[in-house]
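The values are calculated or read from the model by the stated rules, or taken from the named source; none is laboratory data. As the structure is a prediction and not an experimental result, all values here were calculated from the model. Using ideal geometry, Cβ is built from the backbone for each residue, glycine included, and neighbour counts are taken over all protein chains shown.
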Amino acid sequence: MSPPSHIAYYISSHGYGHATRAIQLCHSLLRAYDGLEITVVSQASSQIFLPLLNSSKRVNLRPVHVDSAVIQPTPYLLDVEQTVSNLLQLDTNEIISTEAEWLSTHNIDLVLVDAPYLPCIAASQAKIMSILITNFSFAEVFSYFHDMVGQKAQEKLDAAVEEAVKGYSHADVWLRLPGWLPNPGFLPIQLPSSTWVSEEVLHATVDGEISPEYSIANPKYKRKVIDTPLITRPATTTPRSDLLKMLEIPPEFFTFKILLLLLPLPDPPPQIPSDWVCVVAGSTPTMLLPDRYFVAPGDIHIPDVMKISSCVMAKLGYGTVSEVLGADVPLVYIPRCQFIEEYGLRNLVETWPGYGDRAERLEIEFFEKGYWWWLVTDVACREKTDAEAGPVDDGEAIRRLVVDEWTAWKRSIDL
């Protein structure tokens, strides 16, 4: 059976991790199937999709509002009250109606979702298969806020979470990325999700089989949860010397160790050890930078910089974690404990085969005071383990899973 001819890919606007991993899968799909068209549906910054849009005339961007914004005043702190308010103001019925009609009238064969829940319902209403590709869902995220809001808001929040759970139950397959949290739209589990965390350790016990067992849109198809490799953007073959020139690092520093900082630099920047340089990426410092601090160009391929780095310092997000593990580089991370995805990703870096103990947490107050080079230099010196590294995918393995399950869906309809 031939692959789908037109895919709608719904991508959350929260954070770059959703977009970068989805883009990687899009590249794989476009390479494999000459006639395939992809419509990316997202309100994430159009800039992040430019490399994909420029790579092929068979992909286009539809900037439509399909999820509510998670508000982050800083990379590691959430505005819970405003985030919950955004969720409660979301016009879910209007979005579902609009998307179901759009899907039905634009010859969409397959819906991929990372990771809003409303597109799953819209696809089901349009009798189109939907595949969820993610390590977490927003049902867990919003449920985690239950104890962080006032009693009046709790009842409305719980109702919105229940709606999200029902939304995910309309997805036909969950391609479960490493670092996952249980999705209650597939696997029965107690809510609120705050009950899964005790003393900052994740204890999430799934009780029972996939529920509902069969697809709502196609009752002949049995819903599935399939574990996948770690999808990530690979580094290019650009030589180290060329990358150092692109970063405008002078030749006298070419042998120095590199810290890649994926967070806003505190003011004033801390004194740097004598044999290190620091590359700041993702934000432009407003202060005058001391010697051996450099700002990465906005269009540089971050996995390339990771490839030549001795350590990375960042928050825990899927994009960073997957690329750090793919590059096999040590990590110092700043916690963001209001976001439950943190706990699945923390478990991932602590248990990833071959990675060992080369990830360490640094408290926010230490980072903001600039007291972090002691930990960076320590982690960078730690030895790799002899164990074989875990599987990393550039999109090919997940692409095959997508097409295999879509084929199974189509065959079940013909039975």
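For the stretch 280-297, a residue qualifies if it is within 23 Å of the chain's Cα centre (by Cα) and within 17 Å of Lys257 (Cα to Cα), and the qualifying residues are Val280, Ala281, Ala296. Among the strands (runs of 3 or more DSSP E) confined to the stretch 218-322, the ones with at least 3 residues that are in contact with a strand residue (DSSP E or B) (Cβ under 8 Å, 6 or more places away or on another chain) and closer than 30 Å to Phe186 by Cα are located at 224-227.
Annotation note: of Ala217, Ala204, the sole residue that is modelled with pLDDT under 95, buried (at least 18 other Cβ atoms within 10 Å of the Cβ) and touching a helix residue (DSSP H, G or I) at 6+ places or on another chain (Cβ under 9 Å) is Ala204.
Any residue that is among the small types (Gly, Ala, Ser) and either farther than 30 Å from His170 by Cα or touching a residue at least 60 places away in the same chain (Cβ under 8 Å) (or both) - is there at least one of those in the stretch 203-214? Within the stretch 203-214 (the criterion being among the small types (Gly, Ala, Ser) and either farther than 30 Å from His170 by Cα or touching a residue at least 60 places away in the same chain (Cβ under 8 Å) (or both)), the answer is no, since none of the residues qualifies.
Flag set for Arg31, criterion: at pLDDT 95 or above, among the charged types (D, E, K, R) and out of contact with any strand residue (DSSP E or B) (no Cβ under 9 Å at 6 or more places or on another chain). Of everything in the stretch 56-75 that is over 15 Å from Val141 (Cβ atoms) and touching a residue at least 60 places away in the same chain (Cβ under 8 Å), the residue that is surrounded by the most Cβ atoms within 10 Å (Cβ to Cβ) is Pro75. The number of residues in the stretch 119-149 being of a type in the set (A, V, I, L, M, F, W, C) and either without any contact (Cβ under 8 Å) to a residue 24 or more places away in the chain or assigned to a strand (DSSP E or B) (or both) comes to 4.
Residues checked against (1) crowded, with 18+ Cβ neighbours inside 10 Å; (2) not assigned by TED's automatic domain parsing to the domain that holds Ser137:
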position: Arg346; (1), (2): yes, yes
position: Gly356; (1), (2): no, yes
position: Glu363; (1), (2): no, yes
position: Lys369; (1), (2): no, yes
position: Ala380; (1), (2): yes, yes
position: Asp386; (1), (2): no, yes
position: Ile398; (1), (2): yes, no
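Being in a strand (DSSP E or B) and basic (Lys, Arg) is the filter here; which residues of the stretch 29-77 pass it? If the condition is that a residue be in a strand (DSSP E or B) and basic (Lys, Arg), then Arg62 is the only one that fits.
Only one of the numbered conditions (1) under 27 Å from the mean Cα position of the chain (by Cα); (2) modelled with pLDDT of 95 or more; (3) not acidic (Asp, Glu) is not met by Val277, and that is (1).
Please work out which residue is surrounded by the most Cβ atoms within 10 Å (Cβ to Cβ), limiting yourself to the stretch 150-165 and to residues that are among the charged types (D, E, K, R) and touching a residue at least 24 places away in the same chain (Cβ under 8 Å). Among residues in the stretch 150-165 that are among the charged types (D, E, K, R) and touching a residue at least 24 places away in the same chain (Cβ under 8 Å), the one surrounded by the most Cβ atoms within 10 Å (Cβ to Cβ) is Glu163. When residues in the stretch 161-186 are screened for being within 27 Å of Thr320 (Cα to Cα) and part of a loop (DSSP other than H, G, I, E, B), 11 of them pass. If you filter the stretch 170-199 down to residues that are in contact with a Cys (Cβ under 9 Å, 6 or more places away or on another chain) and over 22 Å from Val84 (Cβ atoms), you find that the one that is surrounded by the most Cβ atoms within 10 Å (Cβ to Cβ) is Ala171. Of all the listed residues (Leu259, Leu263), the sole one being closer than 23 Å to Ala389 by Cα, assigned by TED's automatic domain parsing to the domain that holds Trp276 and hydrophobic (A, V, I, L, M, F, W, C) is Leu259.
Ala408 fulfils the conditions (1) of a type in the set (A, V, I, L, M); (2) in a helix (DSSP H, G or I); (3) over 30 Å from Arg31 (Cα atoms) except for a single criterion, (3).
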